[in-house]
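We did not get these values from a lab; they are worked out from the coordinates using the rules stated. Treat the numbers as computed from the prediction; the structure is a model and nothing was measured. Reconstructed Cβ throughout: ideal geometry from the backbone, glycine too, with neighbour counts over all protein chains shown.
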């Protein structure tokens, strides 16, 4: 009975089962190399990309073997600095040293033979698998219950390319790629400060993804770093396939359409964020780097704002805010005006709207809904389809829906204009995820407008305002510096003032070492 | 977990949202009323609405149907008549885009105040429509006359009225709030501009009326009708209407002409570009007195005699003549008002503002006081420009 | 309860402004003008001055104990049971202010904007929105008010600017010549509504992060609120004239209808509706919050959120049966409301102040 | 009848979610106040929907303040111009 219940308990709580497995993994390496090899090939299921090379070294041949994962390593490196050294140079040098046991051989290899820069000693199978599967080459010697993991990572990657999501006309054109090292290097190249600290940890039980957090010590708010580390530590998941996983697992508020963590492909945007005192979270395998804390206004700022003249940058920013509301409210305002508040439409416009609507079979709300949904379908199809077919979509969209539908009298021409305006406005948003939240909210506003007209829209705005005000990103009020209003941060909020005015870092984000520049206003040379 | 309560509330809200839509109406379900006519009828009122047909005005394929339709109905009250109209109209009448309310002459003579209550109480009514009286005809007939150029007759009437007020002077746009306050505030009587038809209204109601170059029947902005209390008691003629507008500081741009002089035959016209009138009230030993001070600026627009407008003395002379003429117009207007015993200029109000204490005694007896009111007219006339040419063509004729 | 919840001085100022304007911004002019006629804008000015004095008195109460809200103070000064009883009466008053404002807003919407919509639904909808806000706490409410305040300010400014060309000075003449009594009489209902209602905000003063700022914020808020109220009344009189101002239930809305710029910018009275929506929304939300806190203090509850839902039900029910029609409301405001608000806005604070000072002297000596 | 069902349903729903939250506060009083309050409130709304008479708060205040209100109104009304 008691046994049965124990089994039951064990089955019930996965944790116990998991712990058992991990205990197995922590098994130390065996002295006998044959056993090690058979264990490894058993555990890895004889996977064909795991290569096991057995060889002998020394005049008094010692059995050795080498594991690597094909495709993850730089083969030249293994050739030149591992195998060659061990098999040829090792034998030459042996005469100079006295090697009597396998252990001596091990020490000799470690100290004098392997000329790789990255060398880690391993003594458990778990470590072995981890290194092996991350692209290191493992060297084992018979008779020694330890081994080497030689850094030999090298795989095909995309290299540094142009960003595909947040493009600029003026400004750096490099983007993060899928390799963590490349990404950290891109940041390092921009901030050559000894206080730029990058810490890594592995997350994901199966994927064991490297996740790095980067920040400038002394500028960052330490509570935020601790909080982020704490939240990362709590993650228990099989695999992290993209930084999106991390974002979803560590954000403050789950039930919100608004992103509370910023993501970007642009190293310059990440560097700027780090310099403001934010923390970057870089996930191996994802070109999108997270920045936290993120505020509402961050999603309306393009890095180009800082590279263009400040007046132009400010104007564009205001335009983006305007477009945000346009994308959010145009269809709902149109519904409200045409079905509730006809008195607000000028008579001539009303006449032509009414004339267009003669014969349209649907109420305005349904008409708008149909058009909006159609547009969403078109957009999604446009993104997912192969590039070559993409243009066909736009032709179908423009001709069939735009023109034929109007001519057939299914929708009114004005509705097509309204929907197009909405669509174009939503493309203005410099960040993709804010544009998505607008798309979702738009439908809510349309329902509100269809039931209560402008009153409904205002109610919706107030609820949205309340919700936005209640959000926090790692403790920082989401709407700051608007609410709470911080006068000193207004220089880089709705508008961007010239760089020589922006003396301090954002106040809520970084409270220590606030001064960031002290250039005087540029003056023309005296004539 | 934290947000569950709010979620339940939102759910609650959605239920209501989905059952909502009480006040919504589609554009295609509206009959947009552009003009309203009120006439007297033995049952009470006869209400006529002019409804536009948007498809005929802004649609893609225009037919030969008329762009507006009128419906008439009688009722004990205005509201009843309006609601009873639903038995004949295809859609619900929508009043927010009303441009004009026409009051029949006969109806106006019998008193208008009862019918105005609905108009100012109804939430759909806005303030920017104008009220007018149809002179010598029923409002119903006037609303049926089709007009060329403007497809909606109500718009035609409204814009004619506006242009006439802005450029000609003997007309006045009276909106509801002004009319209501004239009817209720002591010391001021109401006026409304008249509307008349030239030609037979019956012919004007046919589509042929807009199919010919020279329309058989046209609607005209007429002179200003004078009310006493809420009853129409008489009409100003053109000059008196102009005088009225001078006194009430309602002249934006108009013209005036005078004879050139003894030697030269012909007339000279000026375009009045600016007019400012100040009314001053004073009470001396219980005798009220009103001073009208008008300052007019004008440009010479048309010289039809051989006069040298380059001569300062001549200009002074013309100014003198114009000044006298305007004084006459103003006095004529006052004379007529006194004759009708209706203080349309609001002299009583002027006194109530400037001499509030004595006004209290005058208030109850104002009709009588107005008849013997001492009114002084001071006109200043300045000619500023002479147009684009200096010398007249006539002076240089061979 | 949540003592760490803090709002800053600026947010408190905005809350005070919103509470001062509340529904008075749209109904006030008609009420005052029916007494003060041409001079009613001076009545508003007088009422605002008295409002400032009243606020100065409230600040004295705040000084008695900076860490207690009015409910706690009542218990401290008047003893547990008497304090709780007075608290209960005060809560009743706050409840009445909430339902009064809610009803006013519902009435306005179904008179002018959504005529066919049932009152119950409108009230329910507004209340649910407010409830969401109240449950998020005063911090969120005040932050949101900070977000929307610029729009309110811009809308008021636009309203005044756009009707300015229609203003005629003659409409408020003669100034200060006649009807002085009426002018003073006009100030009386306006002191009760909204200035005495500011006593409710006294409870929030302890939530302001710096007490010194709270005092300043209160005075600045009521001054700005009074100034805006005066300007709006003045504009109503200048543009609409006394007669129309008195005749309309919501003269400010009619003022919005007067906006017409170049025949293009017109029909924008919705600007007025927006101003008023925001001001009254935040007024209802703050007062509802204080109400919930008050009830939870009387019952010694752990969280004010416990009572928000039941109170919401009560609010809806009583708001629906509050007044048979709009006429009753305005008669109530110029009748019973005056002594009622004076009881809690004037008599109660005086009693508190006297008792508080006496006790303070006792402990000192 | 539909209205009553709706009210009860919604009250039930809200009550369920709310109660869970209040339970976390670990205060017996809060629980009791919530349950009793919601029940009374829901009953009151049902009564309203069914058309029962619900006392009007303004009327109550009116009666209480009658002696003070009357003289004030008399004084004010002398200035009320109509």
Least to most buried among C:81, B:366 (fewest other Cβ within 10 Å first): C:81, B:366
Point-to-point label distance, residue B:376-residue D:28, nm (Cα→Cβ direction, 7 Å offset): 9.3 nm
Acute angle (nearest 10 degrees) that the helix A:267-276 long axis makes with the longest principal axis of chain A, alpha-carbon atoms: 90 degrees
For B:123, B:97, order by how many other beta-carbon atoms lie within 10 Å, fewest first: B:123, B:97
Residue-averaged 222 nm ellipticity for chain B, from DSSP H runs of 4+ at -39500 (n - 2.57), nearest 500: -10000 deg cm²/dmol
Least to most buried among A:86, C:204 (fewest other Cβ within 10 Å first): A:86, C:204
Within the range A:350-380: backbone nitrogen closer than 19 Å to the residue A:396 label point (7 Å, Cα to C-beta): A:370-380
Relative contact order, percent, the range A:24-150 [alpha-carbon distance under 8 Å, six or more residues apart]: 36 percent
Residue A:376-residue A:178 FRET efficiency (beta carbon distance; Förster radius 45 Å; 0.05 resolution): 0.95
Estimated distance in nm for a label pair at residue A:515 and residue A:123, the labels positioned 7 Å out from Cα along Cα-to-Cβ: 5.2 nm
Alpha-carbon centroids, the range A:434-472 and the range C:119-160: separation in whole Å: 13 Å
Residues in the range C:47-66 reached by a label modelled at residue C:175 [backbone nitrogen below 20 Å; 7 Å Cα→Cβ]: C:47-50
Inter-part distance where the range A:477-519 and the range D:53-82 are each reduced to a Cα centre, Å: 55 Å
Mean separation of Cα contacts under 8 Å, 6 or more apart, over the residue count of chain C: relative contact order %: 40 percent
Nearest 10 degrees, 0 to 90: helix B:4-19 Cα axis against chain B principal axis: 80 degrees
Shape of the range A:320-461, Cα gyration tensor, a/c cut at 1.5: oblate
Cα shape, the range A:254-371, gyration tensor, a/c 1.5 rule: prolate
Residue-averaged 222 nm ellipticity for chain A, from DSSP H runs of 4+ at -39500 (n - 2.57), nearest 500: -14000 deg cm²/dmol
Cα centroid of the range A:287-355 to Cα centroid of the range B:170-243, whole Å: 47 Å
Rounded to 5, percent antiparallel among DSSP beta bridges of the range B:239-398: 65 percent
FRET efficiency, 1/(1 + (r/R0)^6) with R0 60 Å, evaluated for residue B:150 and residue D:64 via beta carbons: 0.45
Cut-off 12 Å (backbone N to label point 7 Å along Cα→Cβ of residue A:44), residues of the range A:131-150: A:131-140
Value of relative contact order over chain A, rounded to a whole percent, pairs C-alpha under 8 Å and six or more apart: 13 percent
Helix A:432-470 axis, angle to chain A major axis (alpha carbon atoms, nearest 10°): 30 degrees
Shielding of A:225-232 by partner chains, average beta-carbon count, 10 Å: 0
Antiparallel bridge percentage (DSSP; both residues within the range B:28-235; nearest 5): 65 percent
Per-pair calculated FRET efficiency, R0 = 35 Å: residue C:327 and residue B:136 via Cβ, rounded to 0.05: 0.25
Helix-only [θ]222 nm of chain C, DSSP H runs n ≥ 4, -39500 (n - 2.57) each, per residue, nearest 500: -24500 deg cm²/dmol
Inter-site label distance for residue C:360 and residue A:162 at 7 Å from Cα along Cβ, in nm: 7.1 nm
Tensor-based shape of chain C (alpha-carbon gyration tensor, a/c under 1.5 rounded, otherwise prolate or oblate): prolate
